Amino acid sequence: MTDLRPTPSDSILSSISDLRQQLLSHPIYDRINSLPSLWVFMQHHGFAVLDFMWLLKRLQQEFCSVKVPWLPSEKPELSRFINEIVLAEESDEDGEGKYASHFELYLRAMKDVGSDRSRLDRFTNLLRSDSDFVNALKESSPSDSVREFVEFTFQIASKGLPAEVAAAFCFGREDIIPDMFNRLQATFLQAGIIAPWFAYYIRRHIELDGDHHGPMALRLVDSLCDSPETTQAAIQVARRAIELRIRLWDGVVKELDAIAEPRS
C-alpha cells in the first residue's frame, strides 16, 4: 500500500512556498541586462559561490569517511550522494578539457568580464593564511547583505545539526538554483552579454542541479528529518536561508540603483 503521508521535504517546501515565490519573482533577474550590471552582481554573488562549499564539506565530514584509519560509512547511500556532488563542485569539467572547482570557474568568469575581484580575493587570501573567519570577513569589507549571508552559512556549516545543514544546502541552494539561474539566463541571453565563462557556469548549474543534485538533496533531507523536531528545525533554517538570499539580491539591486542615479 502506498504511503500518502507528506515527506519531510514536502512539509518544508510547503512551509517556505511564500518566500520561495518572493525570491523567484525578485526584480534582480530583469536587472542583469548589461556588462556593468553583471560586474556588480558577480561581486556580491561570488561570496555565495564560495560559501556553498562550506555546507557541502560539512556534509562530507558528516557522512563520508574522511579520517585515517578509514572505516566504511554507516550510510553508504548518503556517502555516494555527497561524494558525487563534491566531485562535480570541486573538480568539474571546465569546458576546455581540464578540471576546476565551480568557485574557480566563477573567478575565471569574473576575470573574463572585468568584474572587480579585490574583496573576494582578499577574503580567500586571508582564509588561506589561517586568518580568523570573523576578521577575514571584516577586513574584506563586503556589503552588509553579503556579510549576513556568509555569516549565516558559516554558522550553519560549523554548528548546525545535520538536518539543518541539509536544509540550507537543499532549499537555500540545490533545489532553488535551477529556477533562479533560468530566470537570470533568460535576461542575460536576451541582452546579448558576451561572457562565455559566466554563461558556462550558469548552464552547468542548471544541468547538474536541476537534473540530478536537486532531487538527491531532497532525498537527503528526507533521510535526516527523522522527527517532528528535526523537521521544524530544518524549516526554520530553510526559511532563513531564503530570506538572506532575498536580502543578498536586494543588496545587488540597491547598488545598481545607486549607480543609475543621475549625478546633480
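Tabulated data for the structure shown
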| read-out | value |
| --- | --- |
| Alpha-carbon centroids, region 51-127 and region 180-242: separation in whole Å | 15 Å |
| Cβ-placed point charges (K, R +1; D, E -1), dipole of the chain about Cα centre in debye, nearest 20 | 460 debye |
| Residue among 237, 146, 68 with the largest mean-square fluctuation in a Gaussian network model of the chain, springs linking Cα atoms under 10 Å | 68 |
| Taking the chain and dividing mean pair separation by its residue count, relative contact order in percent (alpha carbons under 8 Å, at least six apart) | 32 percent |
| Accessible area expressed per residue, region 1-42, with surrounding protein chains retained (probe 1.4 Å, Å²) | 57 Å² |
| Size-normalised alpha-carbon gyration radius of the chain, reference 2.2 N^0.38 Å | 1.02 |
| Mean Cβ neighbour count within 10 Å, used as a protection proxy, ranking 84-93, 166-175 highest first | 166-175, 84-93 |
| Accessible area (Å², per residue) of region 49-206, counting only protein heavy atoms and a probe of 1.4 Å | 50 Å² |
| Between 0 and 90°, nearest 10: helix 102-113 axis offset from the chain longest Cα axis | 10 degrees |
| Cα-based convex hull, region 194-264, per residue volume (Å³, whole number) | 95 Å³ |
| Surface share of carbon and sulfur [accessible, 1.4 angstrom probe, percent] for region 1-150 | 51 percent |
| GNM result for the chain, Cα springs below 10 Å: residue of 25, 115, 227 fluctuating most strongly | 227 |
| Accessible area in the full protein assembly, largest first, 1.4 Å probe, for 249, 70 | 70, 249 |
| With every protein chain in place, region 168-264: carbon and sulfur % of accessible area (1.4 Å) | 51 percent |
| Residue-averaged [θ]222 nm for the chain, counting only DSSP H segments that reach four residues, each worth -39500 (n - 2.57) | -23000 deg cm²/dmol |
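The values are calculated or read from the model by the stated rules, or taken from the named source; none is laboratory data. Here the structure is a predicted model, which is why all the values come from computation and not from measurement. Here the Cβ is made from the backbone with ideal geometry for all residues, glycine too, and neighbour counts use every protein chain on show. The protein model used for the area step is the full one, side chains on, heavy atoms only, and it has no ligands, DNA or RNA in it. Shrake-Rupley method; radii C 1.70, N 1.55, O 1.52, S 1.80 Å.
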